[in-house]
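Only one structure is covered here, and it is reproduced in the block below.
FYI, it's all coordinate maths here, none of it is from the lab. Here the structure is a predicted model, which is why all the values come from computation and not from measurement. As a convention, Cβ positions derive from the backbone with ideal geometry for all residues, glycine included, and neighbour counts pool all protein chains shown.
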Amino acid sequence: MPWARRTTFLLWGVSVALLALTVVAVRDLAEPAGTWIVGGTVLASLVPFAAGWLATRHDPANWVGTWLTAAGTNILLQMAHGNWADALAAAPSDLPASAVLLNLTQGVWMGWFVPFAMVLLLFPDGRPADRRARRTVFALLGSVVAFNLLLAVAPGPLMPPLQDWPRPFGEHWVGYGSIPALLVFYGSLVMAALATRRRYRAASDEVARARLRWMFLTCLTVPATILLCWAGYLLTGTPVVALGGLIAMNVAIPAATLVAMLRHELHDGAQQRLVSLGMRLRVAQHQVASGGSVALDPLVDDAVEELALAVRELREIAHGLRPSCLDDGLGPALESLSRSSALPVHVSYSGGDLPDHVSVTAYYVASEGVTNAVKHSGARRVALDVRRTDDGLHVAVHDDGAGGARIAGGTGLAMLHDRVRALGGRLSVTDRQPAGTSLVAVIPCGS
Amino acid sequence: MRIVIGEDSALFRAGLRSLLTEVGHDVVADTPDAPSTLAAVLEHRPDLAVLDIRMPPDHADDGARLAARIRTELPDTGVLLLSQHVESRLSVDLVAAGHFGYLLKDRVLDVRDFTAALERVATGGSALDPEVVARLMVGGSTALTPLTTREREVLALMAEGLTNSGIAARLVLTDRTVETHVSRILHKLGLGETTTNEHRRVLAVLRYLESHRNLANN
C-alpha cells in the first residue's frame, strides 16, 4: 500500500482518539451545550474527511488526499485541545495533563493552515511544482517546529485559559526567536498561494488550466484568513472574525480539489461511456434476434442521454488534450510517432525526465513537424532530434522536402508557435541548404 | 464458458457482464480492483479472466501484473487484457505462454470477433489487437518487402492469433489457399515449419516483427 494511503488511515485512527479525548473533557465540563458543539464540529470535519477519502481513493499514492484528511483531523484536534484546556482551567486536578506537552504545543493553531497550504503546494500530482515550491514546503514545516520549540522557552505566561501552568523549560530571551519563525510561517502561506498561481499560469492548455482554475481562486483564502485573524485581534480582541475565513478555507479548498479530480475522471469516462452504450445496444439487438422483446422507449431515452453526456465530455476535452501515448514519457511517445508515420523518421532522443507540460508541448511540435513534412513538403526522410541543453529542451524536426514553410496566422505552425511561447520558449522555421525545412523549438524546463 | 471480469469502471463492468451473459457465457464474478480479482480467480478457477490493464490499487499496469500472477498460479486459465489505447510496450513473454489475449476495449462491440477471441484465448490460443499488429507491421515494413499485399494481410491475421480457417473466413478464401499463403510467408521470412501449433505461429511472427521493428528504428 502506498505511504500516502497508509498515512490517511493513520490519521483516521488519530481522529477517533482525539474525538474520545474531547468527549472526556466535555463530560467533565458537564455542559449540555457541549454535546451540540461537539456534534457540529464533527459534522464540519466531514467535508475535508470526505474530500480526503475521495482523493485518496482516486489516487492512493497522492499526498493531496492525505493532507485533506489531515485538515479534517485538525478540526478534531482543535476541538480536543480547546475543550481539554477549558476543562483543565476549570478543575486542574481532575484530568491528566503534562506541563511539558502544554508548553510545547502553543502553536497548535497553526494546524488550521498547514494542511491547506500543503494541498496548495502539492496539487494536483502530489509533488511540489518547482524548486521554489519545494523550498516553501521545508520553510512551512520547519517554521512550525521552530515556532513551537521557541515559544516553549519564551518569557511570559501561557495563553489563557492556561496562564497558571508552570514553565518547565524556563524563560529565555531566545524565545523571542519565535517571532521571526512566525514571520517565516506567514511568508510560507503566501508562497503556497503564489505557487498555485504560478502553476495556473504555466498550464499549457485549456484542460489543465480548467483543472487548476478553482484551486487558483480558492488559494487566496489561506493568506486572507491570516489577515482576518490579525484584523480580528486588533479590532475586537478575539480571533472570532477569522471564523469566516476558516470555514471558507475548510469548504472551498476540499471542494476545489474534488471538482478538479472529478473533471479528470469525466475525461477518462467519455470512451468508457460510449463503449458501454454500444454494449447495451448489442445486448438489446441480441435479445430481439433471439425472439425476445425489448422496451424500446426507455432504451432509446437512456442511449440518447448517455450520448449527450459523452458529447459534452468530448467538447470539454477537444482542445489540447494530453495524448495518452505520453503515459510512458516523451521518448517512447516519439518512438511510437515514428512507427506510425508514413515516412522513415529517424529519432534521436536524450531528453531525460521532463515536466508534463514540457513533454506535451514537445510532443505536439514533433507531431506537427512530422505531419507537415509528410503532407506538404514531399520529403523522403525526416529526422527528429530532441535533446536537453542548458536553456531548455531542444526539439528539432528536419526534412529534405521542398521547404518554404512559414509561421502564418491560422496555420498549424502559428498555433504551435503560441503554444511554445506560452511556456516562455521560441519556435523557428527555416529553409535548409540544399533542400528541406527545419522546425526548431526551444522549451524552458525550469529547474 | 466460466468467466471472471476485473474492471474498475462500474459502467463498463456491468455492460460487459450483461453482454457476455447474453451470448451464453457464465460470468461467475466481477470485481473492481486487482486484489479482489485475484481472489475471485483463485476461488472460482474460471476458464477465462477478462482484465482491464489499468486498475486500482495503483492505476498503472495492475492488470498486466495480475495476468502474470494468474499465469503462474493457474497456467490453464485464459487471460484477456483490455485497454483504452495501445500500450507502447507489449510483453512478448506474456504472449509466449499462450492462453493470452490483448484487445482494445472498443473491440467488444464487434460481438462475433470478440467472442471468437474469448474462445481462442480460453482454449490456449492467442488474440492480439489488429491495432497492435498494424503498428508492428509498419515498423517492420522494410523487412516485409518480399511479401505480396495478400500475403501481408494473411500475416497480420496470423499475428492476431487467427487459425487458417479463421483467416479463410475473414478474407473469403478457401482453406487450401490460405494454407499455401501461410507456408509461402513462413518460407519467405525464414521462420521454418511452425504451422502445427497456432500459438507458436503467433509467437514466431511476433518475435520476427519485434526484431525487425527495432532494426528499422536504429
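For the stretch A:371-447, which trypsin sites (Lys or Arg not before Pro) are both in a DSSP coil and crowded by at most 10 other Cβ atoms within 10 Å?
Sites meeting the loop and neighbour criteria: A:R406.
What are the residues whose amide H is under 5 Å from the amide H of B:G78, where those residues sit 5 or more places off or on another chain and H is modelled from the backbone?
B:L48, B:A49
What list do you get for A:E305, B:E7, B:E22 if you sort them by fewest beta carbons within 10 Å?
So the residues, fewest neighbours to most, are A:E305, B:E22, B:E7.
With r defined as the distance between the Cβ atoms of B:R2 and B:D106 and R0 fixed at 35 Å, what FRET efficiency is calculated, to the nearest 0.05?
0.90
Distance in nm between label sites at B:T72 and A:S348, each 7 Å beyond Cα in the beta-carbon direction?
It is 4.1 nm.
What is the P(r) of the protein assembly as shown, as percent of Cα-Cα pairs per 10 Å bin from 0?
In whole percents, the pair-distance histogram is 3, 12, 18, 20, 18, 13, 8, 5, 2, 0, 0.
Quickly estimate the mean residue ellipticity at 222 nm for chain A, helices only: each DSSP H run with n ≥ 4 gives -39500 (n - 2.57), and the total goes over all residues, rounded to 500.
Values: 14 runs with 281 residues, N = 447.
The helix-only estimate for chain A comes to -21500 deg cm²/dmol at 222 nm.
Expressed as a rounded percentage, what relative contact order does the stretch A:1-156 have, with Cα pairs under 8 Å and six or more residues apart?
About 26 percent, as a whole number.
Mind checking the angle between helix A:242-289 and chain A's longest principal axis? C-alpha axes, 0 to 90 degrees, to the nearest 10.
40 degrees
Stretch A:L234-A:S290 to full length: gain in nm at 0.36 nm per residue minus the Cα-Cα span?
On the way: separation 56, 0.36 × 56 = 20.16 nm, distance 7.98 nm.
Taking 0.36 nm per residue and subtracting the Cα distance, the gain is 12.2 nm.
For the protein assembly as shown, give the magnitude of the charge dipole about the Cα centre (Cβ charges: +1 Lys/Arg, -1 Asp/Glu; no others), in debye to the nearest 20.
Values: 59 positive and 63 negative charges, 349 e Å.
Roughly 1680 debye, rounded to the nearest 20.
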